[in-house]
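Inspection log for the structure reproduced underneath, given as structure tokens.
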Amino acid sequence: QVQLVESGGGLVQVGGSLRLSCAASGLTFSIYVMGWFRQAPGKEREFVAAIDRSGSTFYADSVKGRFTISRDNAKNTAYLQMNSLQLENTAVYYCAAASVGGAYSVARFYGYWGQGTQVTVSS
């Protein structure tokens, strides 16, 4: 079955960096759109970034210029490089996969989800 496993979360100070990884199995990774979402306590899940099968990338306005999404099809892995982290970036970050192109920023567009990895930014 399809599995998405996130890693790389942790505790970081304001201004620091983290790189999240999402290892996928059970699917033809190269043809899937890969997305990253996050959910902070008491808030709805929100779109962070996505990358389609051609490598085109899409970002939420709040992370443009600071976060970079990428993929390595040979390793069946997607990444989210997060720089200049701020307190408001504290959340559980989820990896997601979708088999067709479309509304990349909409959570219900994605059919598969990982379990999430906690990112905590401290002052």
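Table: residues versus (1) modelled with pLDDT under 95; (2) out of contact with any strand residue (DSSP E or B) (no Cβ under 9 Å at 6 or more places or on another chain); (3) among the hydroxyl-bearing types (S, T, Y).
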residue	(1), (2), (3)
V48	no, no, no
S62	no, no, yes
F67	no, no, no
L80	no, no, no
A97	no, no, no
V100	yes, no, no
R108	yes, yes, no
Y112	no, no, yes
G116	no, no, no
* Asked: Within the stretch 42-57, is even one residue touching an Asp or Glu at 6+ places or on another chain (Cβ under 9 Å) and more than 16 Å from G111 (Cα to Cα)?
  -> no
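Picking from V100, V92, V48, V63, which residue would you name as being loosely packed, with under 14 Cβ neighbours inside 10 Å and among the β-branched types (V, I, T)?
Values: V92 fails: loosely packed, with under 14 Cβ neighbours inside 10 Å; V48 fails: loosely packed, with under 14 Cβ neighbours inside 10 Å; V63 fails: loosely packed, with under 14 Cβ neighbours inside 10 Å.
None of the other options fit; the residue is V100.
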* Residues that are in contact with a helix residue (DSSP H, G or I) (Cβ under 9 Å, 6 or more places away or on another chain) and within 11 Å of Y93 (Cα to Cα), drawn from the stretch 8-35 -> G35
* Any pair with Cβ under 7 angstrom, 6 or more apart, that starts in the stretch 58-77 at a residue that is at negative phi and ends at one that is in a helix (DSSP H, G or I) and buried (at least 16 other Cβ atoms within 10 Å of the Cβ) -> N73/F29
* Asked: Mind checking which pairs have a first residue in the stretch 10-29 that is on the phi < 0 side of the Ramachandran plot and in a loop (DSSP other than H, G, I, E, B) and a second that is of a type in the set (A, V, I, L, M) and at pLDDT 95 or above, Cβ under 7 Å, 6 or more apart or different chains?
  -> V14/L85; V14/L87; V14/V121; G16/L85; S17/M82; S17/L85; L27/V2; L27/A97
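The values are calculated or read from the model by the stated rules, or taken from the named source; none is laboratory data. From a predicted model like this one, the values you see are computed outputs, not experimental measurements. Every residue, glycine among them, receives a Cβ derived from its backbone with ideal geometry; neighbour counts consider all protein chains shown.
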